[in-house]
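A short write-up of the structure that comes next.
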Amino acid sequence: MAGSPALLLLLSLGLCCTGTHGQRNTMEARFLHRNMKHPQEGQQLELECLHYERNRPIFWIRLDKSGNLHFILSSTHSYSNTLQEGEKASPNFEALWRGNSYRLVVKNFRAEDEGTYFCVNYINQVLHFSSGQPAFFPVTTTTAAPTTPAATTESSHVTKKDICVQSSDPGTRNKNMLNFYCEIFIWAPLAGVCLVLFVALIVTIVLCQKIRRRRCRCKRSVCNNGDAFVLKSVALVLGHKAGRWHSKHRNAPGLSSSSIQ
């Protein structure tokens, strides 16, 4: 079943001869079930060869991933499996004739059976190759789940508190501790701002009271000094007038002390 230089040489000569005689390749190898795209591991796989010439030897070969050709089996319409002496066909492969269809049955498809399958018809010392039928396991690709707009909108409204809660450990104690730290982180700045505003309000009230008291004291001192000055001025004026009047009428004729009294 392994690839050999003799088989490669035989196939290359067959291709050259086919091109020299100008014969057109009309053979076709395909899956028996046309809806099949990729075989599954462990399932029975059936391939059929179409447009071949009956009563002529037909070969099945496989081209693996590495580019090596592997001979599977050969048969004619009379003999399903025709091999040279000393060669043994794999029990995993079987050739069947069903009407005009020549089939290859892979009883248990495995990884080492992957490749491109060809059927070859030997006619008048010329090898005619069919089109290749790839038989590989399906390629599994992992795709990331698309993010929906709703999820994006919800994530944009997450607060600091929610982030802290989500980042906590599964343990209840650690979760409560992280929640406590998160509460402190949120409320401590607010409490500090309120305290600064309260102190500023008290300082403003105290300063206003001091300024008001100073103004009141200044007004009272000015008023007291002005009243005393006015009284002194009135007293001096009255005393001065009284002295002038007394000195004027003391020497007047007919005026005695008794009358003055």
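Do the conditions hold for R212, that is, is it over 58 Å from the mean Cα position of the chain (by Cα) and open to solvent by 80 Å² or more (accessible area, probe 1.4 Å)?
Yes: the conditions hold for R212.
For A145, state whether it is at pLDDT below 75 and in a helix (DSSP H, G or I).
No: the conditions fail for A145.
Could you go through the range 109-131 and let me know if any residue there is small (G, A, S), at pLDDT 85 or above and part of a loop (DSSP other than H, G, I, E, B).
Checked the range 109-131: at least one residue is small (G, A, S), at pLDDT 85 or above and part of a loop (DSSP other than H, G, I, E, B).
P91 is checked against (1) at pLDDT below 90; (2) within 19 Å of N121 (Cβ to Cβ) and fails just one. What number does that condition carry?
Among (1) at pLDDT below 90; (2) within 19 Å of N121 (Cβ to Cβ), P91 violates only (2).
The values are calculated or read from the model by the stated rules, or taken from the named source; none is laboratory data. Owing to the predicted nature of the structure, the values given are computational and were not obtained by experimental measurement. Every residue, glycine among them, receives a Cβ derived from its backbone with ideal geometry; neighbour counts consider all protein chains shown. To get the accessible areas, we keep the full protein, side chains included, count just its heavy atoms, and leave off ligands, DNA and RNA. Shrake-Rupley method; radii C 1.70, N 1.55, O 1.52, S 1.80 Å.
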